[in-house]
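Notes follow once the structure below has been shown.
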Amino acid sequence: MSREQDLHRVIDCGIVAVVRFSDPGPLVEVVKALAAGGVTVAEVTFTVPNALDVIREAKKQLGDRMLLGAGTVLDPETARAAFLAGAEFLVAPSLNLDVIKMARRYDKLVMPGAFTPTEVVTAWEAGADIVKVFPADVVGPAFFKALKGPLPQVKLMPTGGVDLNTAGEFLKAGAVCLGVGSQLVDPKLVAAGEFGRITELAAQYVAIVKRHRAG
């Protein structure tokens, strides 16, 4: 699919699952569990050992059922490696203009991290498709509402502090989608192999997005 189609898919889903765990072994099953619950967009972070292998195998097993990306991408070398492994988008906790440039070179989605209004605008002007505001729990939904006033054209994704209680508030405040980490891919559930519970949580987040969009 094209970058534009992938962007629509991210926004339509409304949830970007952050897949992070100390052991890569169960993570393909985690990705399957997310897809079963309706969360069809996920980033495998580069803090995961052998993250590229997880992306390759998950892509092989799920195909188009899941839009897979790489997270915690801090430099263009890592970005290129992620694309060659099959990642369709990049997410970062910080703003590196060379990472955005690499994504543009491969015509892939990129969601760099920003925190201040200046960083948000810099990321957007450099070609970010969505700007990840991180850590979102420090500023809360009110910050997103304030940003949308002067910057209605910027697509914002909160990450950090998004849970079942705050998800709706962030969406009301203007977020186009939500980055959800351990509140969805709970390390305890992963360690215990409770993938069915991850599917249930995924469905709950999807339901919140649907309720918000239904008005």
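Cα gyration tensor of segment 27-91, axes a ≥ b ≥ c as square roots of the eigenvalues: rounded (a/c below 1.5), prolate (a/b > b/c) or oblate? Verdict is prolate for segment 27-91. Spacing of the modelled spin labels on S94 and Q204, each 7 Å from Cα toward Cβ, amounts to 3.4 nm. Classification of the chain by its C-alpha gyration tensor yields an oblate form. The axis ratio a/c (a ≥ b ≥ c) is 1.5 or more, and b/c is at least a/b. With contacts taken as Cα pairs under 8 Å at a separation of at least 6 residues, the chain carries a relative contact order of 22 percent. Note on the chain: with a GNM built from Cα contacts shorter than 10 Å, the maximum mean-square fluctuation among I11, I100, I130 falls on I11. Rolling a 1.4 Å probe across the protein heavy atoms gives segment 86-188 an accessible surface of 41 Å² per residue. Averaging sequence separations of C-alpha pairs under 8 Å and six or more residues apart, then dividing by the length of segment 88-186, give the relative contact order as a whole percent. Relative CO of segment 88-186 lands at 21 percent.
Put simply, the amide H of L95, placed in the peptide plane, has neighbours under 5 Å in G113, leaving out anything fewer than 5 places away on its chain. For segment 8-52, relative contact order (Cα pairs under 8 Å, six or more residues apart, normalised by length) works out to 48 percent.
Accessible surface of segment 1-121, 1.4 Å probe: 51 percent of it comes from carbon and sulfur atoms.
Remark: segment 14-26, residue by residue, has Karplus-estimated 3J(HN,Hα) of x, 10, 10, 6, 9, 9, 9, 7, 6, 10, x, x, x Hz, where x stands for each Gly or Pro and the curve is 6.51 cos²θ - 1.76 cosθ + 1.60 at θ = phi - 60°.
The listed residues M111, M102, once ranked by accessible area (1.4 Å probe) with the largest placed first, stand as M102, M111. Nearest 0.05, what FRET efficiency do L151 and H212 give at R0 = 30 Å with Cβ-Cβ as r? E(calc), rounded to 0.05, equals 0.90. The number of Lys pairs in segment 52-174 with C-alpha atoms less than 22 Å apart, excluding pairs fewer than 8 positions apart on the same chain, is 14.
Note on D64 and E119: with the Förster distance fixed at 41 Å, the Cβ-Cβ geometry gives a FRET efficiency of about 0.75. Using Cβ point charges alone (K and R +1, D and E -1), the dipole size of the chain about the Cα centre works out to roughly 460 debye.
The values are calculated or read from the model by the stated rules, or taken from the named source; none is laboratory data. All values derive from a computational prediction rather than experimental measurement. Don't worry about glycine lacking a Cβ; one is built from the backbone with ideal geometry, like all the others, and counts go over all protein chains shown. Ligands, DNA and RNA are stripped out before the accessible areas are found, and what is left, the full protein with its side chains, is counted by its heavy atoms. Shrake-Rupley method; radii C 1.70, N 1.55, O 1.52, S 1.80 Å.
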